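The values are calculated or read from the model by the stated rules, or taken from the named source; none is laboratory data. Because the structure is a prediction, the values reported are computed rather than measured. When we count neighbours, we look across all protein chains shown, and the Cβ atoms used for this are built from the backbone with ideal geometry, even at glycine. For the accessible areas, the whole protein counts, side chains as well, though only heavy atoms, and no ligand, DNA or RNA atoms are used. Shrake-Rupley method; radii C 1.70, N 1.55, O 1.52, S 1.80 Å.
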Amino acid sequence: AHFGTNPTDIQAFFGPSASVEAYEVSADFAKNIPASCSFVDDVFKERNGRYYFDVPLYNQRLLEQMGVTSYNRDYNECTITHHQYCSYRREKELGLRQVSIAMLKEKL
């Protein structure tokens, strides 16, 4: 809104992040999600009494709520299971961090 951007003009790119297959969370982790979130049940999976959070789907749904319809998840590899990426979940305090870059491109 600050820049007068139309959400349909935004293109989002999903880079590496924890995947729902590997991102195990506590049962009360859902308390971190705002109560107004209508899709909270979609982003949690339960397997064998354990809970897993779908970070990419959560972010995708947030974008969709804001009217963003163009996003690319082709490069969204799991940072926990793919060892070429940094992962606090995998390496704890010894883990390195990754950098993300975002930009605004002025229309010509």
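Tabulated values for the structure
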read-out: Excluding exposed DSSP-loop trypsin sites (Lys or Arg not before Pro) (at most 12 other C-beta within 10 Å), longest clean stretch of the chain; value: 1-96
read-out: Cα long-axis angle, helix 55-65 against the chain (0 to 90 degrees, to the nearest 10); value: 30
read-out: Within the stretch 1-90, percent of DSSP bridges classed antiparallel, to nearest 5; value: 60
read-out: Rounded if a/c under 1.5, otherwise prolate or oblate - the stretch 42-85, Cα gyration tensor axes; value: oblate
read-out: Column: log10 I(q)/I(0), Debye, Cα scatterers of the stretch 34-108, q = 0.12, 0.18, 0.19, 0.28 Å⁻¹; value: -0.51, -1.03, -1.10, -1.28
read-out: Heavy-atom accessible surface of the chain: percent carbon and sulfur, 1.4 Å; value: 52
read-out: Fluctuation leader among Pro34, Pro56, Pro16 - the chain, Gaussian network, Cα springs under 10 angstrom; value: Pro34
read-out: Summed side-chain charge close to Leu62 - residues other than Leu62 whose Cβ falls under 13 Å, Lys, Arg +1, Asp, Glu -1; value: -2
read-out: Per residue accessible area in Å² of the chain, where ligands, DNA and RNA are left out and the probe is 1.4 Å; value: 76
